[in-house]
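Remarks on the structure that follows.
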Amino acid sequence: MHIHVEDEYNLDEDITALAGKFPTQNQWNELLFDANGNRKLSREETDKMIERLEEKFIEITEILRISRNDPNTAQTPMRVARMMVNELFAGRYSTAPKLTVFPNRKKVDELIISKGIEVMSVCSHHWQTISGHCAIGYIPQDSVIGLSKLSRVVEWFSRRGQIQEELGEQIADYLEELIHPKALGVVIKARHYCMIARGVRGSETDSLMVTSVMRGLLLEEFNLRNEFLKLIES
């Protein structure tokens, strides 16, 4: 059956009707889970995953009529398989980064902000790069966290198949549970190559998607939220 490009939007409208119609386990009886989910796998499991992926990517190159006699693509299936498991989707198969939480001994009651945190992810719709930066601000309650640890949290959640809207929510949920801040804000600005690479009309390379998640006092108090947004832009 041939599907025209413009029909994609009609298909997306019916996507909720597909829920529950796909298998919950693969052919090896292994549990399937959401693209931005997490399940710790052993080294043996990820090695086996890479081996299976390489076989499938060999099939893909052949379907695309790409010769592996070309020296530039001879090892491409293995490279792609390793990249998918060990880099692009690493956050799906690894445990949370070790984080040290410190007591808020001086009763700090002002915004603490880390910005310019790198975001490197993969769009779960088209498996194209999402590249940008994240800013996180919070007012501590009883605990504070090292700023470098915020970068590790962002990377752990980013290295999965994602949509940007859910990425910000996941980061915020995790930090709220970890340190219970009085206020929390997560702002992400990123380029989506599922638009740029596909040549979607109007998707210039400098176009950005901006998402924000505000919790606690940052959600409730306009002046505080405005201060946070100004600080991350300055």
Measure out, as a whole number of angstrom, how far apart the alpha-carbon centroids of the range 88-105 and the range 144-164 sit.
8 Å
So in the range 57-179, what percent of DSSP beta bridges are antiparallel if you round to the nearest 5?
85 percent
Lysine pairs in the chain with Cα distance under 22 Å, only those 8 or more apart or on different chains: how many are there?
18
In whole Å, largest first, the alpha carbons of the range 5-93 cover along the principal axes 44, 38, 23
Counting only Cα atoms, I'd like the Rg/Rh figure for the range 101-233, Kirkwood definition for Rh.
1.01
Compute all pairwise cysteine Cβ distances in the chain, then list the cysteines with no distance under 4.7 Å to another cysteine.
134
Answer with one residue from 139, 129, 194: the one whose Cα lies farthest towards the positive end of the charge dipole of the chain, charges on Cβ with Lys, Arg +1 and Asp, Glu -1.
139
Rotationally averaged projected area of the chain (alpha carbon convex hull; nm²)
16.7 nm²
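For the chain, calculate the relative contact order in percent as a whole number, restricting contacts to Cα pairs under 8 Å that are 6 or more residues apart.
Working: 344 pairs, mean separation 38.3, N = 234.
Relative contact order here is 16 percent.
No lab work stands behind these numbers, since they all come straight from the coordinates. Values in this document were obtained by computation on a predicted structure and should not be read as measured data. FYI the Cβ positions are ideal-geometry reconstructions off the backbone, even for glycines, and counts take in every protein chain you see.
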